[in-house]
Amino acid sequence: MSSEVFKDATRMSGGRASDEAIVTMEGVYKRFKDFEALKNINFQVGKQEVVVVIGPSGSGKSTLIRCINRLEEHDDGRIIVDGTELTTDVRNIQEIRKETGMVFQSFNLFPHLTVLANIALAPRQVRGMPKAEAEALARELLERVKIPEQADKFPAQLSGGQQQRVAIARSLAMKPKVMLFDEPTSALDPEMINEVLDAIKQLAQEGMTMVVVTHEMGFAKEVADRVVFMADGEIVEVGTPSEIFDNPKEERTQKFLAQIL
Amino acid sequence: MITWLRRNLFRTWWDSIMTVVFGYVGLWVIWTVIEFVFVTGRWEIIQVNLKLLLVGRFPDELMWLVGASLTALAFWVAAVAGGSKIDISNRQSLSQRLFDYIRRFGLIVALAALLIFLAADVAALLLALQILGGVVAGRLVGLARRNVGVLGAIPSIIWHPMLASPAVALVLVTLMESTLEEWGGFLINFYMAIISIVLCFPLGVLLALGRRSSFPIIRLVTTTYIELIRGAPLFVLLLLAGVALEFFIPPSIAPDAIFRGVTVFTLFTAAYLAEIVRGGLQSIPKGQTEAGKALGLNTTKITYLITMPQALRNVIPAQIGQFISLFKDTTLAGAALNILDVLNVGTAITKQQDFLGQGLIYEALAFVALLFWVGSYVMSRESQRLEKRLGVGVR
């Protein structure tokens, strides 16, 4: 089934984190009026790599990943996604958004559409897929996130965890090359966090390239290939989970981890 | 019963006094109205002038056109009203549904019965049956569209023009066939309202989008338009439309009063509608647009697939309220543009020789008010129903 969904699922074989970068950020700055949200960000995400971004609130984590699909416009530096540089050119932006999926903290499902229509919308409208094919794809994706029986309900009839899994399925329907997760479990009741994390883990195992902003340190340890620690709009430290969690070099990282662990 | 009385009406001294005073006033008002309607009211004036009140001096040989266009309108509305899928699992019982129908359409049926009774001729009865036939046919077509696969496959962009075309065509033919001096009565109010509602809706939506546009010039133009129109009293605009056009256009080719009336109502209501729709758009969380963007949808598609459907649904009550006030405001056109609308006819008939100086203005005004009240009440009820069915506030 997943071979249908991911034509390039074969990339599961072999080692992860190949040299080929899907997302490249070079000297990226982002300012909101006088406030510098991102300062000189240099950062790469390789194919099939899972990067988890952690850091205190207000440190620019969300802004970082929102710049990757141009929900925020960066002020300086270069961002290249899958070989296309983000410029003011609308076509480039559209192109990049087609290749990146995003899952939001607050789900942002379309409340006036059924679950099935939520998922089938983008393939039909952006990729021009026929209705029947798009709905078949949507059902397949619902199967993957383990809620096939909810297809004809409306988002408000689902629990938070189910809604977030629909949101994941909705992003996957565009067959993106990289998935961005913006605190996907922060708005969930504790008992629903795991079902969503499991869905994300499963994606990671299938070789999806992902950037995940999260406060779930256990998840980060388990799934991440690399962990990025951010504070005050800067990348303070990057390393493997064991480097960051067990042996942080920077003082700010040590402080942050001491506070939350 | 006694406990209920004591709890709700006579709980304290103050409550008791209020109950007695308002009870007395209420009973007195009801008694006076009943007495007026059934005892002192002299309804011959309505009966004699019924046709004048409803359609003016509309030529008899063209009356079939009025009947046909009303039937087509009824067909259209009935076909569209049954538009969405009905959940078969929670079907109500027959008696419940019957009760529901009576609550929804009882008033209209009662008014129709009253008019037929007043007209006391077969033609009126036939007309009523014809319109009922239109409703039933529309209902059946609507059901067929939902339940027959082949018909359901036809996209709505073809369906809706198909359903609307007979009504639109017949209304246009009616407008062209009869000279407008002959027009009058409630038919004018009804047509002005319907045409303005149909025209002002798309205009209002466009204006709302214009006001939120990212192009400053479009924003400036639409904002200026909306604020100018909303700043002026409707009556003044109607009077202006009556005289100002002569500055620009020679009277010989100047459009007639009804056309001017419709234009003013359309432009006026569109400005208000624009603000209502804009409010609706603003109530949609930013995350909806962001989710659309993240999926790669362009701005146009985000608007008409994601934000606009939600916005319009959220503002149904306010929209219908605007339409109701447009419907009632059509009487202003009578005063401002010398159109023989139902109110003008109503006051004019009290000056007929047979009724002159008998103080029958009460009867005439009561009848006019009744026509508008039934229309407005049904619209408001149906809007509540629509709101519930689309699940505002639930989803």
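Would you mind putting A:22-32, B:231-241 in packing order, based on average other-beta-carbon counts within 10 Å, highest first?
With the highest mean Cβ count within 10 Å placed first, the list reads A:22-32, B:231-241.
Identify, among B:L371, B:T330, B:Q319, the residue whose Cα sits farthest towards the positive end of the charge dipole of segment B:273-395, taking +1 on the Cβ of Lys and Arg and -1 on the Cβ of Asp and Glu, with the dipole about the Cα centre.
It is B:Q319, whose Cα lies furthest towards the positive end.
Looking only at A:L197, A:L172, A:L71, which one moves most when chain A is put into a Gaussian network model with springs between Cα atoms under 10 Å?
A:L71
I need the calculated FRET efficiency for the pair B:F215 and B:R139, taking r as the beta carbon distance and R₀ as 60 Å, to the nearest 0.05.
For R0 = 60 Å, the calculated efficiency reads 0.85.
Looking at chain B as a GNM with Cα springs under 10 Å, which of B:I258, B:I306, B:I157 has the largest mean-square fluctuation?
Among B:I258, B:I306, B:I157, the largest GNM mean-square fluctuation belongs to B:I157.
Show me, for segment B:8-17, the HN-Hα J-couplings you get by feeding each phi into the Karplus relation (A = 6.51, B = -1.76, C = 1.60, θ = phi - 60°), rounded to Hz, glycine and proline as x.
Going residue by residue, I get 9, 10, 10, 5, 10, 4, 4, 4, 5, 4 Hz, with x marking Gly and Pro.
Would you please name the GluC sites (Glu not before Pro) within segment B:1-72 that are DSSP coil residues with at most 10 other C-beta atoms within 10 Å of their C-beta?
Sparse-neighbourhood loop GluC sites (Glu not before Pro): none present.
Got a sec? Charge dipole of chain B, +1 on Cβ for Lys and Arg, -1 for Asp and Glu; which of B:V173, B:V277, B:P202 is way out at the positive end?
Final value for the positive-end residue is B:V277.
Can you compute the modelled spin-label distance between B:F259 and B:V243, with each label point 7 Å from Cα toward Cβ, in nm?
2.2 nm
Using the C-alpha atoms of chain A, what convex hull volume per residue, in cubic angstrom, is computed?
Taking only Cα atoms, chain A has a hull volume of 131 Å³ per residue.
If you put +1 on each Lys and Arg Cβ and -1 on each Asp and Glu Cβ, how big is the dipole of the protein assembly as shown around its Cα centre, in Debye rounded to 20?
So the magnitude is around 1000 debye.
Which FRET efficiency, nearest 0.05, do A:K221 and B:L386 yield, Cβ-Cβ r, R0 41 Å?
0.20
Give a quick list of trypsin sites (Lys or Arg not before Pro) in segment B:280-367 that DSSP marks as loop, anything other than H, G, I, E or B, with at most 13 other Cβ atoms within 10 Å.
Answer by residue number: B:K351.
May I ask you to list the residues of segment A:40-75 whose amide nitrogen lies under 18 Å from a point 7 Å from Cα along the Cα→beta-carbon direction of A:E20?
A:44-51
Determine, for chain B, the count of lysine pairs separated by eight or more sequence positions (or lying on different chains) whose alpha-carbon distance falls under 26 Å.
Number of lysine pairs found: 9.
How many percent of all Cα-Cα pairs in chain B sit more than 41 Å apart?
The answer is 26 percent, as a whole percent.
Given a Förster distance of 25 angstrom, what is the FRET efficiency for B:N338 paired with B:V374, based on the Cβ-Cβ distance and rounded to 0.05?
0.40
Test of the criteria: in segment A:170-261, which GluC sites (Glu not before Pro) are in a DSSP loop and have at most 14 other Cβ atoms within 10 angstrom of their Cβ?
Here the sparse-neighbourhood loop sites are A:E250.
Between segment B:276-338 and segment B:6-79, what's the alpha-carbon centroid distance in Å?
Rounded to whole Å, the Cα centres lie 32 Å apart.
Specify the inter-centroid distance of segment A:110-162 and segment A:205-237, based on alpha-carbon positions, in whole Å.
Taking the Cα centre of each part, segment A:110-162 and segment A:205-237 sit 28 Å apart.
Determine the sum of side-chain charges near B:L332: Lys and Arg each +1, Asp and Glu each -1, restricted to other residues whose C-beta is under 13 angstrom from that of B:L332.
Residues close to B:L332 contribute a combined charge of 0.
Return the distance in nm (one decimal) between the two label points of a simple spin-label model at B:L107 and A:N194, each offset 7 Å from Cα along Cα→Cβ.
For B:L107 paired with A:N194, the spin-label model returns 5.6 nm.
With each pseudo-label sitting 7 Å past Cα toward Cβ, what's the B:A169-B:V148 distance in nm, one decimal?
Going from the B:A169 label point to the B:V148 one covers 1.9 nm.
Coordinate-derived values only; no laboratory data. Owing to the predicted nature of the structure, the values given are computational and were not obtained by experimental measurement. Neighbour counts run over all protein chains shown; Cβ positions are idealised from the backbone, glycine included.
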